[in-house]
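Undergrad: The structure follows.
None of the figures in this text is laboratory data; all of them are computed from the coordinates on show. Model, not experiment: these values are computed from the prediction. We place every Cβ from the backbone using ideal geometry, glycine too, and count neighbours over all the protein chains shown.
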Amino acid sequence: MILSILAGIVVGILFRYLKLPIPAPPVLTGALGIFGVYFGGVIAEWLIENYFR
């Protein structure tokens, strides 16, 4: 996790230095998207364990 955060910081600094738009979605929609992907994985795992075994 620490390496991921550090990589994100380096990319953010590099993009700001090069005056490029930061390659990240708006905060709320990005957080909701991450939650949706995680929750979808949890649902899929539950479905597989309960209905496809």
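Undergrad: Between Leu20 and Val37, what is the label-point separation in nm under the 7 Å Cα-to-beta-carbon projection?
TA: Placing both labels 7 Å along Cα→Cβ, they lie 1.9 nm apart.
Undergrad: On to the next question. Could you give the angle, 0 to 90 degrees to the nearest 10, between helix 2-17's Cα long axis and the longest principal axis of the Cα atoms of the chain?
TA: That helix lies at roughly 40 degrees to the long axis.
Undergrad: Which percent of Cα pairs goes in each bin when the distances of the chain are cut into 5 angstrom slices starting at zero?
TA: 4, 16, 13, 18, 16, 10, 9, 7, 4, 2, 1
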